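Every read-out reported here was derived from the displayed coordinates using simple, explicitly stated rules and does not represent laboratory data. Keep in mind that what you see is a predicted model, and the values were worked out from it rather than measured. So basically every Cβ, Gly included, is an ideal-geometry build from the backbone, and we count neighbours across all protein chains shown.
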Protein chains: 4
Amino acid sequence: MSIMRIGRVELRVMDLEKSVDYYTNIIGLEETGREGDRVYLKAWDEYDHHSVILQKADRPGMDHFAFKVRHVDDLAQYEKKIEEFGLTLKRVTDGSRLKEGEAIRFELPTGHFVELYADIERVGTATGTLNPHPWPLNAKGIAPHHLDHVLLTGDDLSNVTRFFMEVLGFGQSERIMTVDGQEMVGSFLFTTNKAHDVAFVKGPDAKLHHAAFHVDNFYDVLKAADILTMKDVQIEVTPTRHGITRGQTIYFFDPSGNRNEAFCSGYYTYQDFPTITWTEDKIGQGIFYHRRALIESFMSALT
Amino acid sequence: MSIMRIGRVELRVMDLEKSVDYYTNIIGLEETGREGDRVYLKAWDEYDHHSVILQKADRPGMDHFAFKVRHVDDLAQYEKKIEEFGLTLKRVTDGSRLKEGEAIRFELPTGHFVELYADIERVGTATGTLNPHPWPLNAKGIAPHHLDHVLLTGDDLSNVTRFFMEVLGFGQSERIMTVDGQEMVGSFLFTTNKAHDVAFVKGPDAKLHHAAFHVDNFYDVLKAADILTMKDVQIEVTPTRHGITRGQTIYFFDPSGNRNEAFCSGYYTYQDFPTITWTEDKIGQGIFYHRRALIESFMSALT
Amino acid sequence: MSIMRIGRVELRVMDLEKSVDYYTNIIGLEETGREGDRVYLKAWDEYDHHSVILQKADRPGMDHFAFKVRHVDDLAQYEKKIEEFGLTLKRVTDGSRLKEGEAIRFELPTGHFVELYADIERVGTATGTLNPHPWPLNAKGIAPHHLDHVLLTGDDLSNVTRFFMEVLGFGQSERIMTVDGQEMVGSFLFTTNKAHDVAFVKGPDAKLHHAAFHVDNFYDVLKAADILTMKDVQIEVTPTRHGITRGQTIYFFDPSGNRNEAFCSGYYTYQDFPTITWTEDKIGQGIFYHRRALIESFMSALT
Amino acid sequence: MSIMRIGRVELRVMDLEKSVDYYTNIIGLEETGREGDRVYLKAWDEYDHHSVILQKADRPGMDHFAFKVRHVDDLAQYEKKIEEFGLTLKRVTDGSRLKEGEAIRFELPTGHFVELYADIERVGTATGTLNPHPWPLNAKGIAPHHLDHVLLTGDDLSNVTRFFMEVLGFGQSERIMTVDGQEMVGSFLFTTNKAHDVAFVKGPDAKLHHAAFHVDNFYDVLKAADILTMKDVQIEVTPTRHGITRGQTIYFFDPSGNRNEAFCSGYYTYQDFPTITWTEDKIGQGIFYHRRALIESFMSALT
């Protein structure tokens, strides 16, 4: 019984067509389906039917994000553990989402909705499974490999961390502590061997800080930043390295104001990974390793 | 119960001091201990006491490689399953290796020895766990992040693949099949989210093809190749990309003739990863994506 | 009075349409004109009308290469100096080539034909001269910035070197000498601040070894190699570094067997650059820094 | 008669030892000599005795910068042309600077002092001229290849541009014009094939904006930024691309507040390069291609 990966994020967008244009032509995802007010998208290196769902709404933000588990039978066990932890949970019936089976949906202590699911149609990567080339010649835009992680804000980071570690079996790669060591104000959690699959920073409940896409290397981060400038998309944070996770990054905004990240590198984690601690006085360096100071919008622009 | 990672490889070397010089000054590992005819080494980004053991011997090769499991209690369960599969197994007593607890050791259908262990002293990475910098300024040589995988040769790849998948819970990322589809002649297996943790190609039993170290990006592969030339170490395969795993790579030899690899990039895998198949007529492109042909030494130089 | 740069190379190709397809879709040049059996092409970052001319012929090779000088009036002075040196020279009349003015054409001591010209229509780069973006989104294939240099073979390297240095004002960045120091078997010459604009290695007269295109960095060399594999174009030398010039490189062949190179990096030269000497026993390392040995085809495949 | 390159810059620093420590251990230059209140330094890839002179002073800034010409006899001709242009000029006698011959020194219309010189002791690069390796294993810090350019501020950019082009034979690669096209507020000038050797932006006369060092690629820019953070040196502009010159860059400050840049890439220029024009409304994108806005300190921090 194990959670494999962050499988999808459903984002609220205000102008659906403009958003589809952005996520397909600038980010470079592929549209794989539509149903009502929802458009389904995947990155070229993903084999499941979708990893991003755009939902037409009157405000930006994240409807939910979801982890894929190995077997549909695992859902019942998670259901039990999650309810024991005290979270509100419901079943999402088969077919509620295009090309998906049933799921369970619950609300985190931070007010975010998470789903677990196992069944989703497999459409394959753009390069296939028979003598594949390493990348598709017709990739567009930033052309990330896959959805990488989400970063969320919330109030009770200790509790949400405890939930992910004790109930969902995540590890904690890094945490930010107040200088007196009394409060956790940042928590980076992994279920894969990546530096993080979901992370939380202290802030208002139920808000999205950003959804991140994985690119291969720092030259691809540069290419992403170049494309965003050519396409007149606002870049909030130009190419730099994170202290936390060690990854290289840029941040920018989708047409509805949802923050995106193009992220590469970062270390490998395992269940025995010794959690790294950042003290809050070093948080600037932890987040923007070269600037060594936060920027106002990065803390305030949430959706 | 799960296998976390390839934790170590024990290599036979013929001139211990010359080998230590190579693995510390050229590869850039740190010597962490000595005991009798064995020298223990780790990469700067590893937190366990060692990942490479050099054993003075009269011929090169691999004594064994080992996976780290989460809990020492897991060993008994693995012991049972491995014996049920029919492999010969023995307990390695606590302290048989420097700074390690007990282990189980068994022989694969391909004649290689594998160990599972959980207890090893934690010495920490070179960058630490408090407000760490991304890399250590005093790193030497190629300075890989960690031991990445081993590739071995053997006869019965179907059986050894079945063992890893059914008994140890590994996934198979890629396989090479004869053109008639009747025989598996290459098998790439993962327990982490990496493209492979251990792999097998058709060949004589009990032989090592190479032990690989992870570097961050293709410029680090170039730097590695430059350093090897400066240090007059033979490079067998100059910088290129693999078709299989998509990673970037160089191959070279330690002073005893054991092949090493510096490897970066490659995709992410999960338990539901759709296995990629290479047909043997494309094996050249699968292994050396740009050359599209094997080289003789790559198939014959085994230790 | 000065020679600015290598401005063009005219290559003989046997199947014109197949060659145009290769140079436009795989190399990624733009076709800018046709006239009779000649097709004119330029790279996206070049502002003159063409840098490559493909001439339909019954054998591969180089018709000539040409340097652009600053002023058309300079031609007369060069004419005088070249004839004084003893080379056979003729005027090429205005309009002999599409969008070009008159030129002078002469034969090197190595049997190659060189032209000097000043007048050529300016069509501009793909990014323009008003608030330009750094690169064009619609670039295809390898998308080099510009023609970089040619490497030729010939017998009397001392004499051709003397011609370039004394008559055309070139500097010599590197030379390969026999171990006894008696004969020059390689000569690398520059008129710009690049590591070389034209080079010669000992071999049959009047032959082309390769024409090279400039790419920005080693990841672009990797991309070039990937594209060539995807397009099934033979790569002779996979990504590596040269000892000579320090640049990073791949070699491959056009459909007629003319060798091409994608080249990046390399040092800056000036008129006072201290010439680097390679001794012939180190020529392997000088040419292929990582392999440290020549390969047979590299010496024998000439057009 | 031609100017080869920017050969040196003499910077005023307030704490000489602290500055030497910075320029040797963090930038990674080599100290090649001392005399009185001056310390002489060179980059590993430069062959002349020095390219940076640190002069102990009570305020930061640039004493002068200098171009190396080919022959000492050229100085008299430049002297004549410079005086004809109307600039104040004097001879600097042989030996006024360590290991140098005589020079001419004159004041630009912008109040900066420039020297021309030809004679300087040649000490060679760190890699030598016989079968050299591409880079020295013992390089320290950022380890740039060479001094690249200086950017200065001044009032009359038209006049200083005219001086460089008409008297010194420079070309202009880029210029920034007010939106009405009436005034030049930025001017980028080259004598080599680089994108710039000296540049001016509108501002107070006689001030230094920055002195730039050349690194090979964007990963070296990242490494430079990492080292600066490790060494606690303030980074003003984190890794990004310039619109102007297309180069990749970071800006930071020496201990006296003189701004430094680590710069790579950028296009090639020639005497016929079509000058690129930026309109002042796009100056943000021209200078910081990804941020698309100036930052206050970048315009105000001058020395």
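Points to keep in mind about this one:
- Shielding by partners, peptide B:78-89 (average Cβ within 10 angstrom, other chains): 0
- Springs join every pair of Cα atoms under 10 Å in this Gaussian network model of chain D, and among D:Leu75, D:Leu130, D:Leu89 the largest mean-square fluctuation is at D:Leu130.
- GNM flexibility winner over chain B from B:Tyr219, B:Tyr78, B:Tyr117 (Cα, springs under 10 Å): B:Tyr219
- When you restrict to C-alpha pairs under 8 Å that are six or more residues apart and normalise by the size of region D:156-216, the relative contact order lands at 25 percent.
- Positive-end residue of C:Thr240, C:Phe67, C:Leu147, charge dipole of chain C with Cβ unit charges: C:Thr240
- Rotation relating B and C, chain C residue nearest the axis via C-beta, angstrom: C:Pro239, 2
- Remark: mean inter-chain Cβ contacts per residue of A:281-290 equal 3, using a 10 Å Cβ-Cβ cutoff to other protein chain atoms.
- For the options C:Lys80, C:Lys202, C:Lys56, a Gaussian network treatment of chain C with springs between C-alpha atoms closer than 10 Å singles out C:Lys80 as fluctuating the most.
- Taking amide H as placed 1.01 Å from N in the peptide plane, C:Thr32 has its amide H under 5 Å from the amide H of C:Tyr40, C:Leu41, C:Lys42, each at least 5 places away in sequence or on another chain.
- Unit charges at the beta carbon, dipole of chain D: most positive-side option, D:Phe163, D:Ala103, D:Ser300: D:Ser300
- Region D:11-44-region B:153-186 distance, computed between alpha-carbon centres (Å): 60
- Protection proxy ranking for B:32-39, A:109-116, using the average of other Cβ atoms within 10 Å per residue and placing the highest first: A:109-116, B:32-39.
- For C:Asp94, label point 7 Å along C-beta direction: distances to other copies, nm: 5.2, 8.3, 9.7
- Prolate/oblate/rounded label for region C:27-98 (Cα gyration tensor, a/c 1.5): prolate
- Amide proton proximity set for D:His71, modelled H, under 5 Å, gap of 5+: D:Ser2
- Cα gyration tensor category, rounded, prolate or oblate, for region A:116-157 with a/c compared to 1.5: oblate
- Average partner coverage of D:168-175, which counts Cβ from other chains inside 10 Å: 0
- Residue-averaged 222 nm ellipticity for the protein assembly as shown, from DSSP H runs of 4+ at -39500 (n - 2.57), nearest 500: -4000 deg cm²/dmol
- With 25 Å as the limit on Cα-Cα distance, the pairs of A:Lys194/D:Lys223; D:Lys80/D:Lys202; D:Lys68/D:Lys90; B:Lys56/B:Lys207; C:Lys56/C:Lys194; A:Lys140/C:Lys223 that go past it are D:Lys80/D:Lys202; C:Lys56/C:Lys194.
- Charges were assigned to the Cβ only: +1 to each Lys and Arg, -1 to each Asp and Glu. The resulting dipole of region C:204-249 about its Cα centre is roughly 120 debye.
- Karplus (6.51, -1.76, 1.60) ³J(HN,Hα), θ = phi - 60°, over region A:271-281, in Hz, Gly and Pro reported as x: 4, 9, 5, x, 4, 8, 10, 10, 8, 4, 5
- Region B:10-140, relative contact order [Cα under 8 Å, separation at least 6], %: 25
- Distances between placed amide hydrogens fall under 5 Å for D:Arg12 paired with D:Gln55, D:Gly61, D:Met62, D:Asp63, all partners being 5 or more residues away or on another chain.
- Per residue, the average separation of C-alpha pairs within less than 8 Å and at least 6 apart gives chain D a relative contact order of 18 percent.
- Dipole size of region C:81-209 about its Cα centre, with +1 on Lys/Arg Cβ and -1 on Asp/Glu Cβ: approximately 440 debye, rounded to the nearest 20.
- Per-residue HN-Hα couplings for region B:286-303 [Karplus 6.51, -1.76, 1.60; θ = phi - 60°; Hz; x = Gly/Pro]: x, 8, 10, 4, 8, 6, 6, 7, 6, 10, 4, 4, 5, 8, 9, 7, 10, 10
- Options A:Met177, A:Ala206, A:Tyr219, ranked by Cα towards positive dipole end of region A:162-222, top entry (Cβ charges): A:Ala206
- For chain C: rounded, prolate or oblate by the Cα gyration tensor [a/c cutoff 1.5]: rounded
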